[in-house]
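Below: the structure, in structure tokens.
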Amino acid sequence: MNYYNEIKNELINNEINRKVKNYSINRSDLDTYYNVGKILSEAGSHYGEGIINEYSKRLTNDLGKGYSKRNLWLMLRFYEFKEKMQTVSAQLSWSHYCELLSFENVDKINYYIELTKINNLSVRQLRDKIKSNEYERLPEDTRNKLINKVGSNVVDFVKNPILIRISDKYNIFSEKVLQKLILENIENFLDELGSGFTFIKSEYPIKIDGRYNYIDLLLYNIKYKCYVVVELKVTELKKEHTGQIMTYMNYIDKNIKTIDENDTVGIIICKQDNEYVIKYCSDNRIIAREYELV
């Protein structure tokens, strides 16, 4: 079998399809690069890994740019990945897959594939999420749920730490400043929490025992149909913080939540977590996450 000619014909046919079938360019690319990867795998088993370098030089000479050693290696990786997963999504372009195929962790690749599909991410947006180590910032329990395909809850995808952008103009840091930074880039903050979060109000007023209290941020999650109370702390997490947010959550449940909605959850965003505070907290609807200024 002439492996080189097989690869060359696949790539030439794909170039023809790209010119006359614009509606199916992406599917044609994925199918072609899978087939090329398969042939490269077979050729490699006969001639060794150096065959990629040889074929790269010959294809570049015969067909022009676009067939570097790295690009052929990515096609081989794509074939290997698809063989493990049986199917891939045509909702992602070849450029999307090129951002992912260097990872060894298949679960990590699958996470970003699903994230891209659900949120219709551009290649640049996907690259930004990878750069921020989003998968690594997911709680271990969440990653295990993804691997075992267990249903998630409203706070599973809240990253840790939560990344908050800051400018040099803020010299004195306080909870008010942290709140201001979040509000200046509220879309990014909601994205750090996961999917379905919407912003209701900052400094949300509630009246308890004749006195007004103010919730730092009140959110709502459309997907899980529940209110989300967010409290901001620029110190280490303390037990009184859980008591405070629990009071606010109970108020929302008794005075605002409807019978069709789920119980309110609470997120404490703090400078430093304290695992024992959450461990011995009597309300499992409350989670704590550290913040990191970037």
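At 25 °C and 0.890 mPa s, grab the translational diffusion coefficient of the range 145-294 from Stokes-Einstein with a Kirkwood Rh over Cα pairs, rounded to a whole number in µm² per second.
In µm²/s, the coefficient rounds to 154.
Accessible surface of residue 235, taken over heavy atoms with a 1.4 Å probe and every protein chain present, rounds to 60 Å².
Here the chain exposes an accessible surface that is 46 percent carbon and sulfur, computed with a 1.4 Å probe and the other protein chains kept in place. The charge dipole of the range 165-277, taken about the Cα centre with unit charges on the Cβ atoms of Lys, Arg (+1) and Asp, Glu (-1), comes to about 280 debye, rounded to the nearest 20. Solvent-accessible surface of the range 18-103, averaged per residue with a 1.4 angstrom probe and all protein chains in place: 55 square angstrom. Recomputing Rg and Dmax of the Cα atoms in Å from the coordinates shown identifies the correct label among (1) 17.7, 52; (2) 19.7, 65; (3) 25.0, 86 as (3). So, in Å, what gap is there between the alpha-carbon centers of the range 26-79 and the range 188-205? That distance is 45 Å.
Each listed q (0.17 Å⁻¹) maps to a log10 I(q)/I(0) for the range 1-122, found by the Debye formula over equal Cα scatterers with no solvent: -0.88. Placing pseudo-labels 7 Å out from each Cα toward the beta carbon at residue 84 and residue 176 gives an inter-label distance of 5.2 nm. Taking all protein chains into account, the per residue accessible area for the range 223-294 stands at 53 Å² (1.4 Å probe). Across 248, 214, 227, mean-square fluctuation computed from a Gaussian network of the chain (C-alpha pairs under 10 Å connected) peaks at 214.
The values are calculated or read from the model by the stated rules, or taken from the named source; none is laboratory data. A quick note: this is a predicted structure, and the numbers were derived from the prediction, not measured. Here Cβ is always computed from backbone atoms with ideal geometry, including for glycine, and neighbour counts include all displayed protein chains. What goes into the accessible areas is simple: the full protein's heavy atoms, side chains included, and nothing from ligands, DNA or RNA. Shrake-Rupley method; radii C 1.70, N 1.55, O 1.52, S 1.80 Å.
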